[in-house]
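Since the structure comes first, as structure tokens, the remarks are kept for the end.
The values are calculated or read from the model by the stated rules, or taken from the named source; none is laboratory data. Bear in mind the structure is a predicted one, so any value in this text is a computation, not a measurement. All Cβ positions, even for glycine, are placed from backbone atoms using ideal geometry, and neighbour counts span all protein chains on display.
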Amino acid sequence: KLVNGNDIFKDARKNHYAVGAYNINNLEWTRAILRAAQETQTPVLVQVSMGASRYMGGYKFVKDMVMDQMDSMGINVPVILHLDHGDFDAALECINLGYPSVMFDGHKLPIQENYEKTAEIVALAHERGISVEAEIGKIGENQDSASGELASVDDAIRFANLGVDKLACGIGNIHGIYPKNWQGLNFDRLNEIAHAISIPLVLHGGSGIPKDQVQKAISLGISKVNINTEFQLAFQKATREYIEAQKDLDQMHKGYDPRKLLLPGTEAITDSMKEMISWLGTPSLT
Ligand code: G3H
Ligand code: ZN
């Protein structure tokens, strides 16, 4: 069933494990992610970015698709459907559509405006039992170590006091592929924030961080790890291998049939997610 995840992430923070938040782009991604959750019997957060929602035809379609797939696949683990990096309007739309969980990402706004807009979203969402994630500091942008910004401890306290359910903090993490000269996560800042506030903390840019750093971050208070690029790379690699292997056999094996062509990549996402679940220590429900 669809849940807001508040109990799940609180339990994760308390017991030092994390639950993965996996981005979907289409039907194949959705099915691959639900399948890994079902086969490992672990709770899962399925998230959609504004761009991916536009690509698929909107938030209503995404919600309907996820729920229909849960039904037809017989998914019996808790699924948290979540808006990833939403602006104010996207967060409002998803709240009105009954998404159980939304991120309002106001990090580009001046901090006071981020705070005030986050407060508005929290009030509207909480009236309906919807969970809210906010962002402070800045997650770096693709392959650019210089574009991130550490979250301040004072801001973390202010946002936690606002009642946000989860907080994404810039701690040296970067979206996309990490550059060769990346300095690693800033565990000192994470530690300070984790001591100051007790709500679940979110690690964005989870793809490509070495396992020991992911696990150390979890031991300090990270409860949600966002993964997007990792699955795109896994999908691309398996698809490329399939196409290469099929090069001269296409006619015979109907390798041009999209239901065959998309299968290896889809399976690679499920495999990659199962490995991530073991990194994160997400406990099985059975
Ligand atoms: O919000 C989504 C994530 O932060 C994903 O980042 O593509 O680096 O895994 P990633
Ligand atoms: Zn992110």
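A search for C-beta distances below 6 Å between a residue of the stretch 74-99 that is of a type in the set (D, E, K, R) and any residue that is part of a helix (DSSP H, G or I) and modelled with pLDDT of 95 or more, counting only pairs 6+ apart in sequence or on different chains, returns E93/Y59. Look at (1) within 12 Å of ligand 1 (Cβ to nearest atom); (2) within 23 Å of L233 (Cα to Cα) and you find that G170 fails only one, number (2).
What number of residues in the stretch 31-77 are farther than 26 Å from F88 by Cβ and assigned to a helix (DSSP H, G or I)? Number of matching residues: 16. For the stretch 260-271, how many residues are under 17 Å from the mean Cα position of the chain (by Cα) and buried (at least 22 other Cβ atoms within 10 Å of the Cβ)? The qualifying residues number 1. Filtering M65, M73 for residues that are more than 16 Å from ligand 1 (Cβ to nearest atom), surrounded by 18 or more Cβ atoms within 10 Å (Cβ to Cβ) and either aliphatic (A, V, I, L, M) or at pLDDT below 95 (or both) leaves a single hit, M65.
Could you check, for the stretch 239-246, whether at least one of its residues is within 18 Å of V46 (Cα to Cα) and surrounded by fewer than 23 Cβ atoms within 10 Å (Cβ to Cβ)? Looking through the stretch 239-246, none of the residues is within 18 Å of V46 (Cα to Cα) and surrounded by fewer than 23 Cβ atoms within 10 Å (Cβ to Cβ). Among the residues of the stretch 136-150, just one is touching a residue at least 40 places away in the same chain (Cβ under 8 Å) and either more than 15 Å from ligand 1 (Cβ to nearest atom) or buried (at least 24 other Cβ atoms within 10 Å of the Cβ) (or both), namely I139. The one condition from (1) touching a helix residue (DSSP H, G or I) at 6+ places or on another chain (Cβ under 7 Å); (2) among the basic types (K, R); (3) within 16 Å of ligand 2 (Cβ to nearest atom) that K60 does not meet is (3).
State whether the residues of the stretch 273-280 include one that is in contact with a Pro (Cβ under 7 Å, 6 or more places away or on another chain), surrounded by 15 or more Cβ atoms within 10 Å (Cβ to Cβ) and basic (K, R).
no
Would you point out the residue of the stretch 151-189, among those that are away from ligand 2 (no atom under 16 Å from the Cβ) and among the aliphatic types (A, V, I, L, M), that is surrounded by the fewest Cβ atoms within 10 Å (Cβ to Cβ)? Restricting to residues being away from ligand 2 (no atom under 16 Å from the Cβ) and among the aliphatic types (A, V, I, L, M), the top hit is I157.
From the residues in the stretch 190-213 that are without any contact (Cβ under 8 Å) to a residue 60 or more places away in the chain and closer than 16 Å to T229 by Cα, which one is nearest to ligand 2 (Cβ to nearest atom)?
S207
Listed by position, the helices (runs of 4 or more DSSP H) contained in the stretch 209-286 that have at least 1 residues being polar (S, T, N, Q) and closer than 25 Å to L167 by Cα are 211-220, 229-246, 263-280.
Condition check: of a type outside the set (K, R), at positive phi and away from ligand 1 (no atom under 14 Å from the Cβ). Does G184 satisfy that?
For G184, the condition - of a type outside the set (K, R), at positive phi and away from ligand 1 (no atom under 14 Å from the Cβ) - is met.
Residue-level analysis places L162 outside the set of residues that are over 23 Å from L233 (Cβ atoms), touching a Lys or Arg at 6+ places or on another chain (Cβ under 7 Å) and aliphatic (A, V, I, L, M).
What about D271, is it modelled with pLDDT of 95 or more and away from ligand 1 (no atom under 16 Å from the Cβ)? Steps first, answer last, please.
Working: modelled with pLDDT of 95 or more: yes; away from ligand 1 (no atom under 16 Å from the Cβ): yes.
Answer is yes for this residue.
If the requirement is being among the small types (G, A, S), within 28 Å of H85 (Cα to Cα) and surrounded by 14 or more Cβ atoms within 10 Å (Cβ to Cβ), which of these qualifies: G208, G255? Of the residues listed, the single one that is among the small types (G, A, S), within 28 Å of H85 (Cα to Cα) and surrounded by 14 or more Cβ atoms within 10 Å (Cβ to Cβ) is G208.
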